[in-house]
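Inspection log for the structure reproduced underneath, given as structure tokens.
The values are calculated or read from the model by the stated rules, or taken from the named source; none is laboratory data. Since we're looking at a predicted model, the values are computed, not measured. Ideal geometry is used to build each Cβ from the backbone, glycine not excepted, and the neighbour counts take in all protein chains shown. Accessible surface areas use protein heavy atoms only, side chains included; no ligands, DNA or RNA. Shrake-Rupley method; radii C 1.70, N 1.55, O 1.52, S 1.80 Å.
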Amino acid sequence: MAAVGAATALAAGAAAPATAAAGQGGGERYVALGDSYTSAPGVPQQSGGDCARSSVNYPALTAKALRITSFRDVSCSGARTDDFWRAQGANPPQLDAVGRNTRLVTVGIGGNDIGFGEIIGTCAQLSASDPAGDPCRKKYTAPDGGDLLNRRIADTAPKIAEVLKAVHRKAPRARVVLAGYPSIMPDDGVGCFPSVPMAAGDVPYLRDTEKKLNAMLREQARKAGARYADTYRATVGHDVCKPEADRWIEGARPSRPAAPFHPNADGERAMARPVIGAARGR
């Protein structure tokens, strides 16, 4: 539960001060925006203070693959869409890094807007009371029978649309790539309680919720004329329940350097592949 708490704190951005890459006002050829699934907290080597950026996160790997030397990564753990316009602790708004000379922008955002950290913490705590059931799904069922997380996803859609519009306005000649989220829960819906504290019936519920989030992101990318990078499909079979050798998304107790419920170095490498393909126009 302490590990789950650490994941929740990361998603919430409990510690604010951090430093972005040198320079203000943007204009680098490639700018990476996003939250902790972009920054890769815990994956060596770390920089960016509490923003927890890795030297081998998918933006860094994308810049290397495309041989882009004018590159700036302002992704930050705990970021929400609002942090693209407002300071996140000591960090300026992420959109400040984008300029008219920018030719590629990758964006990975939306998970904290629907409450990733809160959802993980809540579902983990409830799993102990009903490990064979679906206490988390019941928790997020509204009195009218609707799904509260589906509503959060719907409420986040216009925020993603505004992010993509703002990027296009600031960098009208840039190719924009919106990255989805990787396969966190097992795609087959079979969990691994208690090593990953999620009740049996909540594993497929959380899997489906993430798929709905990714479907919303894909649709917003289509509407905005951006490209969508399917990082979920690229990581299926390497979720939190897989053995260490095959695990690209760490569980509640990471066995490799990464934050709980976040990609390790292999996960970031796998996420980079569809991002690179989208950036190349494939």
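What the table shows:
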| read-out | value |
| --- | --- |
| Residues located in region 146-195, provided they are of a type in the set (S, T, N, Q) and either part of a loop (DSSP other than H, G, I, E, B) or in contact with a strand residue (DSSP E or B) (Cβ under 8 Å, 6 or more places away or on another chain) (or both) | SER183, SER195 |
| Lone unmet requirement of (1) among the charged types (D, E, K, R); (2) over 10 Å from MET185 (Cα atoms); (3) under 16 Å from the mean Cα position of the chain (by Cα) for ARG207 | (2) |
| Region 250-268 residues that are under 17 Å from CYS76 (Cα atoms), paired with ones that are part of a strand (DSSP E or B) (beta carbon under 6 Å, 6 or more apart) | PRO263/ILE249 |
| Helices (runs of 4 or more DSSP H) contained in region 27-145 and holding at least 1 residues open to solvent by 60 Å² or more (accessible area, probe 1.4 Å) and at pLDDT 95 or above | 58-65, 116-127, 135-139 |
| Output for region 175-191, where each listed residue is under 20 Å from LYS138 (Cα atoms) and open to solvent by 20 Å² or more (accessible area, probe 1.4 Å) | VAL190, GLY191 |
| Region 199-213 - residue that is open to solvent by 20 Å² or more (accessible area, probe 1.4 Å) and in contact with a Phe, Trp or Tyr (Cβ under 9 Å, 6 or more places away or on another chain) and, of those, nearest to ASP147 (Cα to Cα) | TYR205 |
| Residue match in region 214-223 (condition: part of a loop (DSSP other than H, G, I, E, B), open to solvent by 50 Å² or more (accessible area, probe 1.4 Å) and of a type in the set (Gly, Ala, Ser)) | no |
| Residue match in region 246-257 (condition: outside any loop (DSSP other than H, G, I, E, B) and at negative phi) | yes |
| Conditions (1) touching a residue at least 40 places away in the same chain (Cβ under 8 Å); (2) farther than 16 Å from GLY108 by Cβ; (3) assigned to a loop (DSSP other than H, G, I, E, B); number of the one not met by THR231 | (2) |
